[in-house]
Amino acid sequence: MEGQPKHYCGLFGIYGHPNAAELTYFGLYALQHRGQESAGIVVSDGEQFHYHKGMGLVPQVFRGQILQELKGHIAVGHTRYSTTGSSKLTNAQPLIVDCARGQIAIAHNGNLTNAAKLREELEANGSIFQTTVDSEIILHLMAQPSFGTVQNNLIRSIHKIDGAYSLIIMTARELIGIRDPFGFRPLSIAKLNDAWVLASETCAFDLIHAEFFRDVEPGEIVIIDNHGLKSYKAFPEHKKRAFCVFEFVYFARPDSLLNGKSVYQARVQMGKQLAIESPVDADIVVPVPDSGNCAALGFSQQSGIPYEMAFVRNHYVGRSFLQPSQLIRDFNVRVKLNLIKDLVKNKRVVIVDDSIVRGTTFKARVNNLKEAGAKEVHVRVSCPPHKFPCFYGIDFPERSKLMAANYEIQEIQKYLNADSLAYLSKEGMIKAIGLPMDDFCLACYTGKYPVEFDPMSDKLIIERRRGRIVSLGDSIASEDLQIRLL
């Protein structure tokens, strides 16, 4: 949906199935919500790689006989939305390299926070980069000469990188899954008869009838080959966890399990908790589809206010190259959601969504309701206000573009033209999920970043003591930086 934050990527891999490419295609189809810019599949027949990548959605990239030409029993696939690196075919993943170790393919979900420093060091030692994505750094680290075992080489490589990363790596004869020691991004394991499957979300397993086995643990490396699955702890002393809470709030599909918890149930509970914390007298509860559906249902169940799907989503909207601003007012907003006016006329409406980032799209929703005759419009948001950018794989913008970072609640309410506005508390959100608060990264709400980030990173936005947002182009003295770290 326009105005919603985007995620970095979706990952899928399979080992030991004769139809590896076809199953990867279906797995990526289930993970399409995690990235819509490009898609790719690399397959190994045990000796060499076969691959296809393209710009667009999964069914657009893999048309005709393409899948039949991807022969092999091991595969890794990727859907991408760019948070680092531009949107172009050379940056589409999985990335592939030929080196002394043979061919290696990698699919990455997340952002490296020391990418600029590592890239500079690698280039100084003769590495030549073909893309602008930080994922290629990991390939170059793995490709460096080493006389140790595969697992020791992997451990050596990932000990050099910082930030958020869930990885699926493929060699000619192995499939490898890795999560960073904080566990920012999800990665799960399943079984399909004798085959092993890795995916960003469990909803991908359901589509191919694979049985969920377990999550890849934070800091764990799993290596799958013809001897089965082997596990290695790359960071045995690391205890701190920082799973991205926004996976529960918005990114993951509601039919997925994260850390053993149902995403659907967590979002319904968020809506219930929101109704407890911020009740309102109203006639109907209306979700912003599809992101607010579960929370609105919970709000309705807790409050006893009837639930109505007053907004109807057009699921077939792509990019519009025609911008009829004079012909159809608010075209970009109205083309995605249309309002059933009779449901809201002369009603006091509670409109529920999972987040407000910039606020422009939500303002149009409120105005739609009032133009249709709603007597009152009360806005309820099923997470806390977003006040800080993300450096770990979500495109929350710099603070100057985050509404809650620059305005008080009353000012946001006035801007939205709402009769009231309330957000779910941080404590209420965590209570709804049902896991300890210390398990999560809450940096986009609190400004407390679990992993220090490199001030020279390309996308880094730094908050100075004076409250001004500066980018890499500014001259920054070290004493001017104010970076909040746990």
Given Cα pairs under 8 Å that are at least 6 residues apart, what percent is the relative contact order of the stretch 261-433? 25
If the chain between Q151 and T446 were fully stretched, how many nm would it gain, using 0.36 nm times the residue separation less the Cα-Cα distance? 102.6 nm
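Once you have the alpha carbon radius of gyration of the stretch 9-240, what is it after dividing by 2.2 N^0.38 Å, with N set to its residue count? Mind dumping the intermediate values first?
Numbers: Rg = 16.1 Å, N = 232, 2.2 N^0.38 = 17.4 Å.
Cα Rg divided by the expected 2.2 N^0.38 Å: 0.92.
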Förster radius 41 Å - calculated FRET efficiency between C99 and K401 (Cβ-Cβ, nearest 0.05): 0.50
Mean separation of Cα contacts under 8 Å, 6 or more apart, over the residue count of the chain: relative contact order %: 14
Within the stretch 96-120, list the residues whose amide N lies under 18 Å from a label point set 7 Å along Cα→Cβ of E47. 102-104
Potential extension, I276-N314 segment - 0.36 nm per residue separation minus Cα distance: 10.5 nm
What value does the stretch 3-144 have for Rg/Rh, both radii from Cα atoms and Rh as Kirkwood defines it? 0.97
Where does helix 263-277 land angle-wise versus the long Cα axis of the chain, in degrees 0 to 90, nearest 10? 30
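On a full-extension model of 0.36 nm per residue, what is the gain between E211 and Q130, subtracting their alpha-carbon distance, rounded to one decimal in nm?
Details: separation 81, 0.36 × 81 = 29.16 nm, distance 3.75 nm.
So the extension gain works out to 25.4 nm.
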Computed, not fitted: 222 nm per-residue ellipticity of the chain from DSSP H runs ≥ 4 (each -39500 (n - 2.57)), nearest 500, equal to -6500 deg cm²/dmol
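Read the figures in this text as sums done on the coordinates, not as results from a lab. Predicted model only: the values in this text are computed from it and were never measured. Neighbour counts are summed over all protein chains in view; Cβ atoms, including those assigned to glycine, are modelled from backbone coordinates with ideal geometry.
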